[in-house]
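Note sheet for the following structure.
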Amino acid sequence: MVYFLLFIPLALVLVAFQSTVLNQITIAGGHFDILIIFLVFLTLYGSYELALISLLVMAPIVDAISGLPIGVSIIPMLSIVLLAHWGGKTIFGTRLGWPILVIFLGVLIAGLITIFELYILGWDLPWDELILRRLIPSAFLNGFAALLIYLPIVLIGERQEYHLE
Amino acid sequence: MQRIRLRPLILPLVIVGAIVIIGLDMAGLLGPVNDVIHTAIKPPAIFFSEAKRVVGSGFATLREIGELKQRNLELEARVNQLTVENLRLAEVETENAQLRALLNFAQTNPFFDIRGGQIIARPIGDSANLLTHPIQIDLGETHGIRQGMPVVTDRGLVGRIANVYPRSSDILLITDPRSNVTVMTQTSRAQGVLRGRVGQLPIMELISPEIEISEGEIIMTSGLGGHFPKGLVVGQVVEVIHNDNLMFQSAVIQPTVDFDRMELVLVITNFPPEEPEPAAPTPETEATPSAP
C-alpha cells in the first residue's frame, strides 16, 4: 500500500511528461513512450511487484488523460511487464539486447491489445493505419531510445565490477 | 508461503480488475476518479508545458542564431556591394558636377567655342619636379591641341599648353615660375603681369603706382600680348605691396582655381596664341617631359 501511494506522484509526473512533451515529438510517425520504457526498466532492474503496482497506478491516469475508457491500458501494460519479467527470468536476463527487444515487442503488443480492446468496446478505429503509421514507427523509435538509455547503465555496471575486482 | 500462493493469482486478478474498471467507467461510475486524475495531473502538466516552451524557445534561438549568422553574412556582402556602388555613384556625381560647371563655363563664353572646339580634358599625372607642377592631360596633338592654347576651368584660368605630345599635353600653370600672364584688376583696371613663384602665391607686378588697388579685387586676363583671351578670371588680390621707393607696386594674388583638387579642364582651341611661349621647354619624348 505504501508503494502504491509512492507511485502515484511518480506516475503523475511521468504521464504529464508523456502527454505534454513526448507526445508532441513525432519522428517518422512514431512517439517516444517513457511509460513503457519505465515499466521495462523497473521490471528488469527493480522488481516485478513494483512494476505491477506502478502499472496499476499509471494505466488509469493515462486513460483518463488520453480520453480512453479508464482501465483500457492496464492489460497492455501488464503484457509488457509480463514479457520483460518472463524474458528476464528465463534466457535473456538483463543483457542489453533484451530490454531493447522487449520494448520493441512491448510497444507492438501493447498497441495491438489496446486497439483490440477499443474494437471490442465499439470504437471505430483505422487499425491498419494505426499499426503501420503509428505502432511500427513507435516500436523502432522506442527500441532505439532503449539502446540510448540502457547502454550507459550496462557500461556503468561493467565499470563498477572492474573496480570491485 | 503466503506470497507464493498469491503470485499465481496476480495475473488473473489484474485482468479481472481491468475488466471491472473498464465496465465501471463505461457505466459512468468513475467520473469522480476522472476528475481527480485531471486535477492532480494539472500541476506537473503545467510545469512540463512551461519547460517545453522554454526549451523550445532556446532551440529556436539556437536555430535563429545560425540563420542570423547566414543573414548577417549576406547583409555584410550586400553592404560591401552597396558601399562600392555608393562610392562609384559619389564619384559619378562629383564628375557630373564638374562637367556641369565646365559646361556652364562653355555656355557663358560661347565665343571661345563656336564650332564645338571646347575640349574637356582630365589631368592624368603630376611631374616629380618639386619646383614646378606641370599637369599632364590626356589630350594631345591628335585631339587638336597646340602649344600655347589657354587652359581654363569653370572657376578661372589654369594656364596654357606647354608641351604637346601625340596623345597628351603638359599644362604650364599660372603658379609656375616660368609663367607670365598679362592681367588687370577688374575694378581699378590696373594693368600688370602675373608671375608664378616657387612655393608662394603668384604675384602681379608692374602695376602703376598711381592706381589704387585694394585687397579683394578680382584679377582677370587683359588680353595684351595675345597669349590669352581677355576677361578670363585669374584670382583675387590678397595683399598689396606698395613702396614709395619702387617704380611699381605689386599685389599677391590668390588664384580662383584650386590646382590641387582640379580634375577637369577646358582647352580653348579656337584661340591660337600669336607665338609659342619661349619659356616652355619642348620635350624629346612623351614619356620624359621636360623639367625646368
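The values are calculated or read from the model by the stated rules, or taken from the named source; none is laboratory data. What you see is a predicted model; the values in this text were computed from it and never measured. Neighbour counts are summed over all protein chains in view; Cβ atoms, including those assigned to glycine, are modelled from backbone coordinates with ideal geometry. Please note that ligands, DNA and RNA were not included when accessible areas were found on the heavy atoms of the full protein model with its side chains. Shrake-Rupley method; radii C 1.70, N 1.55, O 1.52, S 1.80 Å.
Peptide B:25-32: average number of partner chain Cβ atoms within 10 Å per residue?
If you average over the peptide's residues, the count of other-chain Cβ atoms is 3.
Give me the percent relative contact order of chain A, please, defined on Cα pairs under 8 angstrom at least 6 residues apart. Don't skip to the answer; put the middle values down first.
Numbers: 191 pairs, mean separation 42.2, N = 165.
For chain A, the relative contact order is 26 percent.
What part of the accessible area of chain A, given as a whole %, is carbon or sulfur when the probe is 1.4 angstrom? After summing per-atom areas, the C and S share lands at 71 percent. Highest mobility in the GNM of chain A, judged by mean-square fluctuation with C-alpha springs under 10 Å and restricted to A:43, A:90, A:114, is found for A:90. Across peptide B:44-52, the average count of Cβ atoms from other chains found within 10 Å of a residue's Cβ is 5. Farthest towards the positive end of the charge dipole of segment B:7-108, among the residues B:107, B:58, B:31, is the Cα of B:31, using unit charges on the Cβ of Lys, Arg, Asp and Glu. What is the mean number of Cβ atoms from other protein chains located within 10 Å of the Cβ atom of each residue in peptide A:50-61, rounded to a whole number? Mean number of neighbouring Cβ atoms from other chains: 2.
Which of rounded, prolate or oblate describes chain A when judged by the alpha-carbon gyration tensor and an a/c cut-off of 1.5? Prolate is the answer for chain A, as a/c is 1.5 or above and a/b outweighs b/c. Accessible area per residue (1.4 Å probe, heavy atoms of protein chains only) ranks B:73, A:42 as B:73, A:42, with the largest value leading.
All other residues whose Cβ lies under 15 angstrom from that of residue A:140 are scored, Lys and Arg at +1 and Asp and Glu at -1, for a net of +1. Summing Cβ point charges (Lys, Arg +1; Asp, Glu -1) relative to the Cα centre of segment A:2-161 gives a dipole of roughly 280 debye. Taking all protein chains as shown and a probe of 1.4 angstrom, residue A:86 keeps an accessible surface of around 140 Å². The residues packed around residue B:201, meaning those with a beta-carbon under 14 Å from its beta-carbon, carry a net charge of -4 if Lys and Arg are +1 and Asp and Glu are -1. Each part reduced to its alpha carbon centroid, segment B:49-77 and segment B:195-230 end up 73 Å apart. Figure note: B:95, B:239, B:210 ranked by solvent-accessible area, largest first, 1.4 Å probe, ligands and nucleic acids not counted: B:210, B:239, B:95.
For B:211, B:19, give the ranking by accessible area with the largest first, probe 1.4 Å.
Details: B:211 55, B:19 100 Å².
Greatest to least solvent exposure: B:19, B:211.
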